[in-house]
Amino acid sequence: MDVKRVKDYLYWLYYQYQLVTCSYVLEPWEQSMFHTITVTVLAMVAYTAYVFVPIHVRLALQFFSQIFGPQPESAV
């Protein structure tokens, strides 16, 4: 893949991000604060999902296995 095309695509994604968040109207120091807060929040969400989602899935599976009980074996 051409490096210029990748660079243009990343610039286009960043431009779309600025349009969606309306951060292009902010001053440079406000943009840096906004981007820092956004990255921090996304990192915290990713970490929380990585740590707590597997635990909740395991607990949900244990809960539903207790409710429905062991499955009967086939009589073949």
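The values are calculated or read from the model by the stated rules, or taken from the named source; none is laboratory data. Treat the numbers as computed from the prediction; the structure is a model and nothing was measured. Cβ coordinates were reconstructed from backbone atoms using ideal geometry, including for glycine residues, and neighbour counts include every protein chain displayed. To get the accessible areas, we keep the full protein, side chains included, count just its heavy atoms, and leave off ligands, DNA and RNA. Shrake-Rupley method; radii C 1.70, N 1.55, O 1.52, S 1.80 Å.
Within the range 1-44, being β-branched (V, I, T) and open to solvent by 90 Å² or more (accessible area, probe 1.4 Å) holds for V3, V20, V25, I37, V39.
Contact map, the range 1-25: first residue under 15 Å from H35 (Cβ atoms) and touching a residue at least 12 places away in the same chain (Cβ under 8 Å), second residue surrounded by 10 or more Cβ atoms within 10 Å (Cβ to Cβ) and not hydroxyl-bearing (S, T, Y), Cβ cut-off under 9 Å, separation 6 or more or different chains; pairs are T21/F34; S23/E30; S23/Q31; S23/F34; S23/H35.
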